[in-house]
1. I need to check one value: relative contact order of chain A, counting alpha carbon pairs closer than 8 Å and at least 6 residues apart, in percent.
2. Order the peptides A:137-149, A:287-299 from the highest to the lowest mean number of other Cβ atoms within 10 Å of their residues.
3. Considering the Cα trace of chain A, what is its radius of gyration and what is Dmax, both in angstroms?
4. Among the DSSP beta bridges whose two residues both lie in segment B:19-83, what percent are antiparallel, rounded to the nearest 5?
5. Within chain B, what's the longest stretch lacking GluC sites (Glu not before Pro) that sit in DSSP loops with no more than 15 other Cβ atoms inside 10 Å?
6. Restricting to bridges with both residues inside segment A:134-338, how much of the DSSP beta-bridge set is antiparallel, in percent to the nearest 5?
7. So what is the relative contact order for segment A:134-338, in percent, with contacts set as C-alpha pairs under 8 Å and at least six apart?
8. Would you mind ranking A:Lys257, B:Lys41, B:Lys118 by Cβ crowding within 10 Å, fewest neighbours first?
Amino acid sequence: MRTTTTVVIGAGHAGLAMSKCLSDRAIDHVVLERGAVANTWRTERWDSLRLLTPNWQSRLPGFGYDGDDPDGYRTMPEVIDFIDRYAKAIEAPVQTDTRVTRLRPADGGYIVETDRGDWRCHTVVMATGACNTPIVPALAAEVPKDIVTLTPREYRNPSQLPDGGVLVVGASATGTQLADEIHDSGRPVTMSVGEHIRAPRSYRGKDIEWWMDRAGVLDERYDQVDDIVRARNVPSLQLAGQRDMLDLNALTAKGVKLVGRLSGIGNGKAQFSGSLRNQCALSDLKMGRLLDTIDDWATANGLDGEVEPPHRYPPTEVEENPPLLLNLSSGKIKTILWATGFRPDYSWLDVPVFDRKGRVRHDGGVVDAPGLYLMGMQFLRRRKSALIDGAGDDARDLSAHLAAYLNAPSAIRPV
Amino acid sequence: MTQTQTVDNGVNVEALLGAKQALTEAPQAAKFTWRATCQWKNGTHSHSTVEGFFGLGEEQHRKTTFNFDADHPEVFASEDHGATPVEYVLVGLASCLTAGVAAVAQHRGIQLRSVKAKIEGGMDLQGILGIDTDVRNGFDGIKVSYEIDADATKDEIKALVAQSQKRSAVFDIVTNPTNVTVEVN
């Protein structure tokens, strides 16, 4: 059995940022990766996807964007290349093609079992990502058998889908982007809309991420928000890696049909909630509050003369009586795409750290088991934690905690 | 000149937040069962009572038994001893949303002075009379309109009403399907 001080599981941006911070502290470690560096970006993303944050915003410890289009949005090959170059630049000790099959406590440390041998270590950093397994609602079992169903993990482009109508379930970043390109392919899209977060791509001439970065919104800490459970479950912003705003009004304008949250399927009919109007009202009001925050911050920081003047967006259009029923047996809908979110896969995690909902118990990434850490999750330590740009600050904080843990006299370190 | 005023809408937010905390830790205590009994009187007139319910792991009793007469108006050739059942649904929705407005306002530190709701539900009787099977029995839509006087901006008041819908049991009941099992003993 090989030994090291720290095993980092996952060589995405989060695991690599941690690797850099551990190297800076001269902490011996290995980064285990089931595939290649940036594996999820390579294998589980659709063809046209561009990163939802602008190029300048991918700042990793000791690395950043050096190209000539700071305000652009990376294609997937560009994201992969960026993370690959980071791994090389920091000389991360990555062992690729090594799948962790089990993590268990042993002798005051941990044993990491993999399909290429086991590791013994004092500390473990789990950086396997927040989006491993697509969430598909239980009512999917009632979908008529002749309808093709798929998740964003398998979706690559519209040519995969049969001709005919598509029901996209979910209206966050994934649902809106896929509804847009699928509708453009000539397959009429109906989109089921539950809770969603509307946001402009740019506001007063600056990217929304620029505002949230500068105004400190993205740096808001997990121990400073009112309800962290709620904050961690907020859906992704309705953003796309393109200049034009892709909100529900943009989709309606091109002919996408909006219906309420999918609430039931029975006798071949899909039933939608009558809450669509309120879901849109909630989102419009929330966006208004974000823009108020930005405007107040701009005024307080003397930016009003430098950037474009404030303005507001028209409310989300909802038709007078959105349909509540959709006959799935009529032949009009050929495909259902579940853009209903993802959850992490902890099937390999054999440490008693789960809450009753199957989430890992942690305090800002310090897991409720000595020497175990978590990275890259929604609002782990800061609002930006799940962004590439959020990995650096979290890795700096958590590597400091990890180093202190290793130095603590109470830590049992028999390896 | 500055005067600190305590917002009081008569809602004990601390108790509600305490209950949220307690029920998060003991989710089985959050399982409630609400009940009513209904006795036929005559014609379309019935008399319902509401008293106990189950919650916090045990039977709960009230000091008062609440009584409700339901009937249909004279244009239905009935005797109009009480509101129609569908009007009780409107009352349920309006009172649930209004209670929610007060609770959310209290939580957000907004003093309410007046909250009035008008609620109406449209219905095509061709459904319940069996004239046209394409027409549903129930409401074809419900409209609620609020007039709220409060120490808040228009958007803050709109947000109260939106959040109240988001958290409302009756709003959920009327906007989403529910399995209903009716047995004869």
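1. Numbers: 814 pairs, mean separation 98.1, N = 415.
That works out to 24 percent.
2. On the way: A:137-149: 13.2, A:287-299: 17.2.
Result, highest mean first: A:287-299, A:137-149.
3. Considering chain A through its Cα atoms, Rg and Dmax are 22.5, 70 Å.
4. Working: 14 of 15 bridges.
Taking every DSSP beta bridge within segment B:19-83, about 95 percent pair in antiparallel fashion.
5. Details: sites that count: B:Glu51, B:Glu79, B:Glu183.
So the longest stretch without any such site is B:80-182.
6. Details: 9 of 25 bridges.
The answer is about 35 percent antiparallel.
7. Details: 316 pairs, mean separation 69.2, N = 205.
Contact order relative to length: 34 percent.
8. Going from sparsest to densest Cβ surroundings: B:Lys118, B:Lys41, A:Lys257.
Just so you know, all these numbers are worked out from the coordinates, no wet-lab data involved. Keep in mind that this is a model prediction, so the values were computed, not measured. With ideal geometry, Cβ positions are generated from the backbone for all residues, glycine too; neighbour counts draw on all protein chains shown.
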